[in-house]
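None of the figures in this text is laboratory data; all of them are computed from the coordinates on show. What you see is a predicted model; the values in this text were computed from it and never measured. Virtual Cβ from ideal backbone geometry, glycine too; neighbours counted across all protein chains shown.
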Amino acid sequence: MTHNEVETLARELLSAYETGEMVAIPPSARPGFDLNTAYEVEATLKQFREAAGHKAVGRKVGYANKAMWRVLKLETLVWAHMYDDTVHYSDVHYSDRNSATLAIAHPRSLKIEPEIVFGLKKPIPAEGPEGVDAATAALASTEWLAVGFEIIDCPFPDWQFQPSDFVASFGLHAALVIGERVEVRQDLRPDGIAALVAELPRFKVRMSCSNSTKNKEFVEEGSGRNSLRSPALCLAELSAAIARRFPSEPLSAGEIVSSGTLNAGHPTGSGDLWTVEVEGLSLPPLTLRLT
């Protein structure tokens, strides 16, 4: 695709994002569009959003599952930027519950996913010190972690899309709600980061939902292993993948990373009250009501 064609496609996808319109023909079905072009579109969307006064605050991950890489012929996971008007924090200061309320302006077909969210205090080194594994190096660059809910929305009919479509359409990102943040510090306990490295593959989450037509019901259990065997390994892989593709634009201090869903995405809509409870990791439950 030419530069003008990339810009035209970016404007089409931005319009769909802002209005809730559907995109009848996914970019992957159009001549000249591939994953490289998708990242050109994603970069153009970032320019458009920043020109409109919105700041990119981090990245979200897609396809944090190596089995899917083989099926879709991917070499690594994919990603897209998140923005200051789509990332939200729960109310932990004025409420006795780690909870939030969220309204989505132009919903089409929403799904909700629980994720581990990281806040970076410095870039993740391409190669950690000798003897330090990737998960440890990633956590050493992390200021805090939290459990979060990501809301995704698909502009393509019947949720049919390719990884390149995912990248070019904001990673299907509608919103991210971040729960109470817990500092990652070596001096928090004697085993510090080493304990987190061990816990992140093993911890579990339990999702439940209620609304006006049903009481609170268990929906699904997930695990840290579902995010590339560990959310910390997912963070390390994201950092390495970005550095390979965009060496001048690595993950940097202050960025927020949503590290891939811990279980399947579930349809949701206005009136739903979701709770995610964490077992095996020192993070409080998070509750989100959609309005």
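Could you give me D for region 3-290, from Stokes-Einstein at 37 °C and 0.692 mPa s, where the hydrodynamic radius is the Kirkwood radius over C-alpha pairs? Units µm² s⁻¹, please.
So the translational diffusion coefficient is about 170 µm²/s.
For Cα pairs less than 8 Å apart in space and 6+ apart in sequence, what is the mean separation divided by the residue count of region 3-290, i.e. the relative contact order in percent?
Contact order relative to length: 26 percent.
So, by mean Cβ neighbours within 10 angstrom, what's the order for 175-181, 38-44, 17-23 with the highest one leading?
The densest-packed peptide leads the list: 175-181, 38-44, 17-23.
Given the Cα-Cα distance of GLU220 and SER270 and 0.36 nm per residue of separation, how much length would full extension add, in nm?
Extending this stretch completely gives an extra 16.0 nm.
Please report the net charge: other residues with Cβ closer than 15 Å to the Cβ of TRP159, K and R +1, D and E -1.
-2
Quote the FRET efficiency, to the nearest 0.05, computed for SER15 versus ALA198 with a Förster distance R0 of 30 Å and r equal to the Cβ-Cβ distance. Write out the running numbers ahead of the final one.
Working: r = 46 Å, r/R0 = 1.55.
E between SER15 and ALA198, to the nearest 0.05, is 0.05.
Any lysines with Cα under 26 Å of the LYS111 Cα? List them, leaving off those in the same chain fewer than 8 positions away.
LYS46, LYS55, LYS60, LYS66, LYS73, LYS204, LYS214, LYS216
Over region 186-291, what is the mean sequence separation of C-alpha contacts under 8 Å (at least six apart), divided by residue count, expressed as relative contact order in percent?
Computed value for region 186-291: 30 percent relative contact order.
Select from VAL117, PRO26, THR275 the residue farthest towards the positive end of the dipole of the chain; place +1 on Cβ of Lys and Arg, -1 on Cβ of Asp and Glu, and compute about the Cα centre.
Looking along the dipole axis, the top candidate is THR275.
Using only Cα atoms, locate the centre of region 53-91 and the centre of region 189-230, then give the distance between them in Å, rounded to an integer.
The two parts, judged by their Cα centres, are 19 Å apart.
Please give, to one decimal in nm, the separation of the simple spin-label points placed at ARG185 and ASN36, each 7 Å out from Cα toward the Cβ.
Going from the ARG185 label point to the ASN36 one covers 4.7 nm.
Note down the net charge around PHE33, summing +1 for each Lys or Arg and -1 for each Asp or Glu among other residues with Cβ under 11 Å from its Cβ.
Combined, the nearby Lys, Arg, Asp and Glu give -3.
For the chain, what is the charge dipole size about the Cα centre, in debye to the nearest 20, if Lys and Arg each add +1 at the Cβ and Asp and Glu each add -1 at the Cβ?
In total the dipole reaches around 360 debye.
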